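Throughout, read-outs are computed from the coordinates displayed, never taken from laboratory work. Just so you know, these numbers come straight off a predicted model, no measurement behind them. For neighbour counting, all protein chains shown are included, and Cβ atoms are generated from backbone atoms with ideal geometry for every residue, glycine included.
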Amino acid sequence: RKEVEQDPGPFNVPEGATVAFNCTYSNSASQSFFWYRQDCRKEPKLLMSVYSSGNEDGRFTAQLNRASQYISLLIRDSKLSDSATYLCVGTNAGNMLTFGGGTRLMVKP
Amino acid sequence: DTEVTQTPKHLVMGMTNKKSLKCEQHMGHRAMYWYKQKAKKPPELMFVYSYEKLSINESVPSRFSPECPNSSLLNLHLHALQPEDSALYLCASSQVRHGSYEQYFGPGTRLTVT
């Protein structure tokens, strides 16, 4: 079983839509979670850290559910520029980052 | 400033060549990382340096040799690579070597081995 699992998508949504991604993690001791965004042939860029209380940054909201061991990312009012792969990241037993396979989002006009 | 720089951007090398990838950060971070990323896959950790000492080697073949000359610089020396080593090589840094600290990635070196 992979340590962090995501639906690879693609999620095809119209501009202005709200889209949500979930990912699940297997290491119940994992303390830290992040969402990264990666554009085609570019490096991953940190989108947001995920805190136990949840956090919001503009149109993006991240939630952590420890009981069910999943993390979510909600994007409101999708823009064309949101098209990218979104990587869910947790930590493994060695406290190193462990990446999910990524979820591809395509926002269409 | 959360900038990590990498050179070169692109590299084509033959299987008998020796080349080096370079990474630099000026954020005062004390942990630096090398990752390998193949197309449509997530980054895979190769090496971790903490306070300029190698702390993790994820069973990487010896044809990849990391070096950390000082706290700002990280090199990856390449020798006798195979075509399957073609990938995007990403450098990252974080404040310290602990999963609770965000990692910041450089733009990567796209390596092609012919």
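Since only B:Pro43, B:Ser93, B:Asn75 are under comparison, the one whose Cα sits farthest along the positive direction of the charge dipole of region B:34-107, derived from C-beta charges on Lys, Arg, Asp and Glu, is B:Pro43.
Where Lys and Arg each count +1 and Asp and Glu each count -1, what net charge lies around B:Lys53 among other residues with Cβ under 14 Å from its Cβ? Each step should come with its number before you reach the end.
Numbers: positive: B:Arg30, B:Arg97; negative: B:Glu52, B:Glu67.
Around B:Lys53, the surrounding residues sum to 0.
Which percent of the Cα-Cα distances in region A:1-58 go past 14 Å? When all Cα pairs of region A:1-58 are counted, 70 percent exceed 14 Å.
What do you get when you divide the Cα radius of gyration of chain A by 2.2 N^0.38 Å, with N the number of residues? Working shown, then result.
Details: Rg = 13.3 Å, N = 109, 2.2 N^0.38 = 13.1 Å.
Taking the Cα Rg and dividing by 2.2 N^0.38 Å, one obtains 1.02.
Would you mind ranking B:Met46, B:Met13 so that the residue whose beta carbon has the fewest other beta carbons within 10 Å leads the list?
Values: B:Met46 20, B:Met13 17.
Least to most surrounded, the residues fall as B:Met13, B:Met46.
Applying a 4.7 Å Cβ-Cβ cutoff to chain B, the cysteines left without a disulfide-compatible partner are B:Cys68. Label point of A:Arg1 set 7 angstrom out along Cα-Cβ; within region A:70-85, amide nitrogens under 18 Å from it belong to A:70-72. When B:Ile56, A:Ile75 are sorted by how many other C-beta atoms sit within 10 angstrom of their C-beta, beginning with the fewest, the order is B:Ile56, A:Ile75. Return the subset of A:Lys45/B:Lys18; B:Lys19/B:Lys53; A:Lys79/B:Lys40 for which the Cα-Cα distance in this structure is over 28 Å, preserving the input order. Going by Cα-Cα distance, A:Lys45/B:Lys18 fall outside the 28 Å limit. Residue order for B:Ser59, A:Ser81, A:Ser26, B:Ser71, fewest other beta carbons within 10 angstrom first, comes to B:Ser59, A:Ser81, A:Ser26, B:Ser71.
Given R₀ = 35 Å, FRET efficiency for B:Ser59-A:Ala67 by Cβ-Cβ distance, to 0.05? Approximately 0.50, to the nearest 0.05.
If you take every DSSP beta bridge fully contained in the protein assembly as shown, what fraction is antiparallel? Give it as a percent rounded to 5.
Of all bridge pairs located within the protein assembly as shown, approximately 90 percent are antiparallel.
Computed from Cα atoms alone, the Kirkwood hydrodynamic radius reported for region B:1-42 is 12.9 Å.
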